[in-house]
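Peer 1: Have a look at the structure that comes next, please.
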Amino acid sequence: MKQQLPPPPATVRRRPQQSRARQTSLALQHAFVRLLPERGFDALTIREIVDVAGTGLGSFYEYFANKDDLARVSVHLRSKELLLAMREAVSRHKGASMKDLVEVILDALAQAHLQHPQEWGAHYMLERQVSDPQAYAKMYERFVGEWANALQSAADGLHSETQAWNAARICHTIAYGIFAHGYICAYTRTGPMPQPLSLTRQARLAVLGYLAHYQADIQGAPVL
C-alpha cells in the first residue's frame, strides 16, 4: 500500500504586515495631534507630519487621501477614547446608584483628558472644523446611548427607555460642554488650563442637579 504523505502545513496569514500597517497609521495620527497645538491645522503640512511620524509621503497616501481625511480619522478615534472610558467605568460599577454612576463617568472623562491636555483643546477645535454633520450626529448618538445605558442600569435609575434617553441627551450636553469649552479656552489662550478636579466638580453639580429636578418633574413632585 502506498504511504500517504502528511498534508502540507496551513498557510500562515501575514499578520505582521497588517500590524505594521496599523502602526504606521497610528504613527501618522499621533504625529498629527502632537503637531496640531504648535502649528495649527491650516499651517501644518503633510511633510511635517510624515517627518515626525518617521514615514514617507508614499506611506501617508496609502492610508489617507489628504490632511482633512487624517483629521477626521484622528477626531473619530479620540472621541472613541472617551466612549470607551465611559463604558468601562459603568461596567465596573453595575448596580450602583445613579449618583455614583454619574460620578464615575465624569471621573473617567476627567482622567481621559489628563493625557496631553493641549491636544484635547486642538481636538475639540478640529471637531468643529472637519466633522461632517452625519458623522457628528452618529458620534453624538453614541455618547447619548452610553449615558442612557448608565441611567437605565442604575439601581435607582430611569427604567423608562424614553425618559432615560431624554435625560441622557441633557447629561451629555452638560458634560461635553463643560469639558470641551474648558479645553478650547486653554487652547485658544482665552482662559487658563482647566483643572480636572474643578471641571469634574462643576459637571457633577450640573448633571446631578438636572437629574434631581428631572426625576422630581416626572414624578410630579414640587421642583424648586
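We did not get these values from a lab; they are worked out from the coordinates using the rules stated. This is a predicted model, so every value here is computed, not measured. When we count neighbours, we look across all protein chains shown, and the Cβ atoms used for this are built from the backbone with ideal geometry, even at glycine.
Peer 1: Springs between alpha-carbon atoms under 10 Å, Gaussian network over the chain: tell me which of A135, A175, A112 tops the mean-square fluctuations.
Peer 2: Of A135, A175, A112, the most mobile in the Gaussian network model is A135.
Peer 1: By counting other Cβ atoms within 10 Å of each Cβ, how are V73, V207 ranked from fewest to most?
Peer 2: Details: V73 17, V207 24.
Ordered by Cβ neighbours within 10 Å, fewest first: V73, V207.
Peer 1: Still on this structure, I have one more. Lys pairs in the chain, Cα-Cα under 25 Å, at least 8 apart or on separate chains: how many?
Peer 2: Working: K67/K80; K67/K138; K80/K94; K80/K99; K80/K138.
Lysine pair count for the chain: 5.
Peer 1: Further question on the same structure: With charges set only on the Cβ (+1 for Lys and Arg, -1 for Asp and Glu), what does the dipole of the chain come to about its Cα centre, in debye to the nearest 20? Kindly include the intermediate steps, with their values, before the conclusion.
Peer 2: Values: 24 positive and 20 negative charges, 176 e Å.
Value, rounded to 20: 840 debye.
Peer 1: Return the long-range amide H neighbours of F41 (sequence gap of 5 or more, or a different chain), with a cut-off of under 5 Å between placed amide H atoms.
Peer 2: none
Peer 1: Which value results for Rg/Rh of region 162-220 when Rg is the Cα radius of gyration and Rh the Kirkwood radius based on the inverse mean 1/r?
Peer 2: Values: Rg = 13.8 Å, Rh = 12.5 Å.
Ratio value, two decimals: 1.11.
Peer 1: In deg cm²/dmol and to the nearest 500, what is the mean residue ellipticity at 222 nm of the chain if only DSSP H runs of at least 4 residues count, each as -39500 (n - 2.57), divided by the residue total? Present the calculation step by step, with values, prior to reporting the outcome.
Peer 2: Details: 9 runs with 167 residues, N = 224.
So the calculated ellipticity at 222 nm is -25500 deg cm²/dmol.
Peer 1: Please find, in a Gaussian network model of the chain (springs between Cα atoms separated by less than 10 Å), the residue of T190, T24, T200 whose mean-square fluctuation is greatest.
Peer 2: Between T190, T24, T200, it is T190 that shows the largest mean-square fluctuation.
Peer 1: Most fluctuating residue of M139, M125, M86 in a GNM of the chain with Cα springs under 10 Å: which is it?
Peer 2: Largest GNM mean-square fluctuation: M139.
Peer 1: Given contacts defined as C-alpha pairs under 8 Å and at least six residues apart, what's the relative contact order of the chain, whole-number percent?
Peer 2: Relative contact order here is 18 percent.
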